Amino acid sequence: MNGNSHRVVAGVAKALPFFYAGIVIVLAWQFLVTATKPDRSILPPPIEVARTFVRLASDGELATHTVYSVARVFSAWLISAAIAIPLGLLMGSSRRLDHIISPFVELFRPISPLAWIPMAILWFGIGESGKVFVVFIGTFFPILLNTVAGTKSVDPVLLHAGQIFGCTSRTALFRRVVVPAAMPRGHA
């Protein structure tokens, strides 16, 4: 066997457990529907779900809803990033600001985004704004905390080197050393 064949076999071997798990889930689902006979609007049989999926995919309705969902997630992520990244950079580079803001972050961070849904409905109604808000809450804290951690983990040697090479103000050091050093990096 050549290298490509080995990769294909390895890929199939990795995918096989997921395939088996999918079959078991569908069989258990069908058994549950057959044994309990629930209302079809609450728990439809798998074949009915598959037919509906094919219908929605073929008439374009599924694609339309997918585009709206992706746009909602993307806009919420952009808003989160626009707020959380600058705030995280500031918190990570200023102990004073970190001590002021961290209690608020630690108070709200453990609240599940799903728990914010009633508040989102009250504040924004059932339109797009409320949905974007819930996704915003789900993405804001991970972005913020990772930015703070990245900023705090900047090697002091880099800060010293930045000062030696002409970053005389805190702003210049922050902009030219801290921000690039705090950026995420891929691993080889």
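Here are the numbers for the structure shown:
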read-out: Accessible area (Å², 1.4 Å probe, nearest 10) - S80; value: 0 Å²
read-out: Residue-count net charge about V33 - beta-carbon cut-off 12 Å; Lys, Arg +1, Asp, Glu -1; value: 0
read-out: Potential extension, A21-S75 segment - 0.36 nm per residue separation minus Cα distance; value: 16.1 nm
read-out: Value at 222 nm in deg cm²/dmol, rounded to 500, when DSSP H runs of n ≥ 4 in the chain each add -39,500 (n - 2.57); value: -25500 deg cm²/dmol
read-out: Accessible carbon and sulfur surface of the range 84-135 relative to its total accessible area, %, 1.4 Å; value: 73 percent
read-out: Charged-residue dipole, Cβ positions (Lys, Arg, Asp, Glu), the range 65-133 about Cα centre, Debye nearest 20; value: 60 debye
read-out: 0 to 90° range, to nearest 10: angle between helix 46-58 axis and the chain longest Cα axis; value: 70 degrees
read-out: Dimensionless Rg over Rh [the range 81-136; C-alpha; Kirkwood]; value: 1.08
read-out: Percentage, to the nearest whole number, of Cα pairs in the chain over 29 Å apart; value: 55 percent
read-out: S129-K152 pseudo-label distance in nm [points 7 Å out on the Cα-to-Cβ vector]; value: 3.5 nm
read-out: H65 accessible area, 1.4 Å probe, all protein chains in place, Å² to nearest 10; value: 100 Å²
read-out: Spatial separation of Cα centroids for the range 67-93 and the range 122-188, in angstrom; value: 11 Å
read-out: F141, F108, reordered so the largest accessible area comes first (probe 1.4 Å); value: F108, F141
read-out: Accessible solvent surface per residue of the chain, calculated while the other protein chains remain in place, 1.4 angstrom probe, Å²; value: 72 Å²
read-out: Nearest 10 degrees, 0 to 90: helix 61-93 Cα axis against the chain principal axis; value: 20 degrees
read-out: Gaussian network model of the chain, Cα within-10 Å springs - most flexible of K37, K14, K131; value: K14
read-out: On Cα atoms only, tilt of 3-36 relative to the major axis of the chain in degrees; value: 60 degrees
read-out: Cα convex hull volume per residue for the range 1-63 (Å³); value: 122 Å³
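The values are calculated or read from the model by the stated rules, or taken from the named source; none is laboratory data. Here the structure is a predicted model, which means the values were calculated and not measured. Glycine also receives a Cβ, built like all others from the backbone with ideal geometry; neighbour counts cover every protein chain displayed. These accessible areas exclude ligands, DNA and RNA; they are computed on the full protein's heavy atoms, side chains included. Shrake-Rupley method; radii C 1.70, N 1.55, O 1.52, S 1.80 Å.
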